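One structure is given below, encoded as structure tokens.
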Amino acid sequence: MNWLTNVVRPKIRNMLRRETPENLWIKCPDSGQLVFYKDVEANQFVIPGSNYHMRMGAVARLKSIFDNETWYDVALPEVTPDPLKFRDEKKYVDRIKDARARTNLNDAVKVGYGKLEGSAVVVAVQDFDFMGGSLGMAAGEALVRGLELAVEKKSPFIVFAASGGARMQEGILSLMQMPRTTVAVQMLREARLPYIVVLTNPTTGGVTASYAMLGDVQIAEPGALIGFAGARVIEQTIREKLPEGFQRAEYLKEHGMVDMVVHRHELRPTLARLCRLLTKAPALETASKSVQPVVSPAQIVSVAETAPAAPHA
């Protein structure tokens, strides 16, 4: 019996066991519905039944915007990783390492340069999965570099904001990114180039108090939380109950804080149309037409310090 118990049974059990991925199913935060992950991914991370907009990673977002899912990664300057030698429950450098390993990103902001329905654009995406999309020195440098590239290439600049605010581990150096990015936006404005902001869930804190609310056109995704301080803090300060849906995209549109609320499936054509209108560019006959890069990769590397073309998996 020992042979049957100790050898045969474990072998049969191993043959029948299947490895199940951790993210095989997703539970909708709005309806509680369980949805197959691949279906949500194919639907641009929008829950099919409830239409709830899940958070979208930086690479997936860039793929959804650029023609043929192809773009040039903009190489970003290196910054001091831990200027204040900060430590709370664990070292700040360890938190950065963990975030990089988990997201496969260098920091919270990724910048790409490519074509959107035939028009050259620079797109910056803030990834909330990287330390809550917090604005630190590296993220500030990424945004400034992207805005400088847009001025250099005379192209529109689109930013997808998603953040909990400034990165506390960098203190005043993080807060300094608010005026720096504001000055860079003004530089784009002086060049008379479009600056379009897409507010995703959530966009709060110092990001909302700086570049996220300076767009020529302010777009928000449905249900996105947008504000500076949290609702609970505001209620405790003013000692009043806030109205239903306060700080949500639809409420802010009704009160004039954003220009439009656009479903994710309609976002790409909307952005392309806005870029054409604001730059007075002619419309393409077909948006799916294959487009050659504006300049060769070698030219971009020498002028804008960008990496070779993507996409990345």
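Rolling a 1.4 angstrom probe over the protein chains, ignoring ligands and nucleic acids, what is the accessible area of residue 180 in square angstrom, nearest 10?
Per-residue accessible area (residue 180): approximately 80 Å².
Could you run the Debye sum over the Cα atoms of the stretch 106-240, one equal point scatterer each and no solvent, and tell me log10 of I(q)/I(0) at q = 0.22 Å⁻¹, two decimals?
Treating every Cα as an identical point scatterer, log10 I(q)/I(0) equals -1.34.
Per 5 Å bin from zero, what fraction in whole % of the C-alpha pairs of the stretch 73-184 is there, up to the bin with the longest pair?
All Cα pairs considered, the percentages come to 2, 12, 22, 25, 18, 11, 6, 2, 1, 0.
Through the Karplus equation 6.51 cos²θ - 1.76 cosθ + 1.60, θ set to phi - 60°, convert the phi angles of the stretch 44-59 into ³J(HN,Hα) values in whole Hz; use x for Gly and Pro.
For the stretch 44-59, the Karplus curve yields 6, 6, 10, 5, x, x, 8, 6, 6, 8, 6, 5, 10, x, 4, 5 Hz.
Grab the beta carbon distance between residue 91 and residue 234, set R0 = 51 Å, and tell me the FRET efficiency rounded to 0.05.
E between residue 91 and residue 234, to the nearest 0.05, is 0.95.
Would you mind checking the pairs 27/115; 63/253; 90/241; 85/115 and listing those with alpha carbons more than 30 angstrom apart?
Correct reply: 27/115; 90/241; 85/115.
With both partners inside the stretch 82-186, how many of the DSSP beta bridges are antiparallel, as a percent to the nearest 5?
In the stretch 82-186, DSSP labels about 65 percent of beta bridges as antiparallel.
Whenever you get a sec, line up 53, 265 from highest to lowest accessible area (probe 1.4 Å, protein heavy atoms).
Listed by decreasing accessible area, they come as 265, 53.
Roughly how far apart, in whole Å, are the Cα centres of the stretch 39-86 and the stretch 170-226?
If we compute the Cα centre of each part, the gap is 17 Å.
Testing the spin-label approximation: label points 7 Å from Cα along Cα→Cβ at residue 180 and residue 241. State their distance in nm.
Here the modelled spin labels are 4.5 nm apart.
Give the share of C-alpha pairs in each 10 angstrom bin for the stretch 37-139, from 0 to the last occupied bin, in whole percents, shortest bins first.
P(r) for the stretch 37-139, in whole percents per bin: 14, 37, 32, 15, 3.
The values are calculated or read from the model by the stated rules, or taken from the named source; none is laboratory data. Because the structure is a prediction, the values reported are computed rather than measured. Note: ideal-geometry Cβ built from the backbone for every residue, glycine included; neighbour counts use all protein chains shown. Calculation scope for accessible area: heavy atoms of the full protein, side chains included, ligands and nucleic acids excluded. Shrake-Rupley method; radii C 1.70, N 1.55, O 1.52, S 1.80 Å.
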